[in-house]
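Working notes for the structure below.
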Amino acid sequence: MTIKEESDKEIVTFTTEDPTPGRDTLYPSQRRKNIVVIAFSSFLAGSANMVHFTFYNPYFLEIKDSEKLIGIISTAAAFVAIVGLVISDYLNGIFGYKRVYLIAQILIASSFVFFIFRPSAIIWVIVAALLLNFAFSLNESPAAIILTETAGEEKKGKVSSLTYFFGKVGELIVSSIIPAIGLLVSFTNKERSFFYTYSAAIYAAIALLVLFFIVDPSKVIRKKETEEEIDFDNIKITENTIDEESPEIQSRTTRKTRGFIGGFIDTFRDKWVLRVALTFFTDAVLWSIALGVHIPGLLDEDPLLLGNYHLEDDSLSMLFLATNIVVLIGMFPAGWLADKVGAKTLLFSSELCGLAWAVLVIVFVFFPQYFWIMIVARVALGLSIALWIPSTIALFTNVEAKRKSKVYNSIAIFRTIGWLPGGVIAGFLYDAIPQPYGFLTPIFILITGMFVIVPLFYTLTNKPPNGNNTEIKS
């Protein structure tokens, strides 16, 4: 990847201590409405997503019993997610965050529709899974930026935790209902399709909430910039923009000249952005291998693995339930800490909790009769998630408002690329190595990799080291 020669120009990356244009330009009532709508939508989405998290693997395996194929599809889904992130940044600039957010909700609802009709051909399940991953990645940056621009820099960790708290409440309710129903009926794809009908309807409802109630900060910000830059009485550029030597004007001109893809290249010339991206890439590679076929493995009836102790839908739902309870408890203090002590400390702590999860999974495989071990493992994973979510949002948006979409998506692309090989590698190891070590080898890889990623997160800085302005020479 190369950058066109422009040795006579300087690219200036702007960051600020408290760049809160969304919060400054939105009326208080608009900010409150945005937060309420996003929190309620998060609750609805959490309940709908939990249906998919619980039923996708058994739904898939009932049609095609192949853990290796699931791993391959997860890799393909990660590739599709990268496409979604790139397109998301492009559409954010054209349509604004709200419209892209709306499109994503419609696509998620559409993907769930595929599961309703109980396709007999696995190809339709694969199409649905790929579409869903594309929609989730399309949704990621507009949702996060609308939220952080509404909340402001000083409170974005707390507000992020608040909205994700409601999302976890939705997941908690559904993950409680599914085991209860599982006591009465045995789940087949027919029963699972009824739950997917609920999920599709929920996301259709969220789309309506976004359409009618969300105020788009990007439109307000652009309107304010236009009013500040142009004197409509005299049709002249203001004093702030008349200086052609202004670094900001040069930066804008450079980005326009280099085009859309060039904007991503320029973003990575900021060493802080590149370091964050590479750190999350390394982390994603290791976790993608560890989780590549983890859930299918727990469902596998292979006597050399868990044998009669393999999990069913209701047991799997109980694991999600344990995770969600911990996330609910830990989310608020994690958001508060993200604002107070910075993201890197929480990310470092999150990885240590992930290490505890990995060790407990290994123990469970050798003592599968003790289901409580897996419950404790999911508690550790829940704590890891509670620390991770507000920290990543806070870290990825620690830049000027106009750069948030590009920086957020650039880092997310690296992170998603890291998820590409995991499914294939884990699936290959699962089939190639006798059980239980085919299942455990990806976990061993993660534990070994912790010696790399834990120091990376520990040495990460919360913001570019030179404060408000980071100048990078061509």
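Any read-out appearing in this document is the output of simple, stated calculations on the displayed coordinates, not a laboratory observation. The structure displayed is predicted, hence computed values, not measured ones. Cβ placement follows ideal geometry from the backbone for every residue including glycine, while neighbour counts extend to all protein chains displayed.
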How much FRET efficiency would the formula 1/(1 + (r/R0)^6) give for residue 371 and residue 87, where r is the Cβ-Cβ distance and R0 is 51 Å, rounded to 0.05? 0.75
Which of 336, 287 has the fewest Cβ neighbours within 10 Å, and the rest in rising order: 336, 287
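Given R₀ = 51 Å, what would the calculated FRET efficiency be for residue 194 paired with residue 362, taking r from the Cβ atoms and rounding to 0.05?
0.90
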With label points built 7 Å along Cα→Cβ from the Cα atoms of residue 308 and residue 432, find their separation and express it in nm. 3.5
Let me see the pair-distance distribution of the stretch 261-357: every alpha carbon pair, 10 Å bin width, integer percents in order. 12, 28, 31, 19, 9, 1
For residue 452 and residue 117 in the same chain, what is the full-extension length gain: residue separation times 0.36 nm, less their Cα-Cα distance, in nm? 116.1 nm
Charge dipole of the stretch 277-362 about the Cα centre (unit charges at C-beta), most positive-ward option of 323, 353, 342: 342
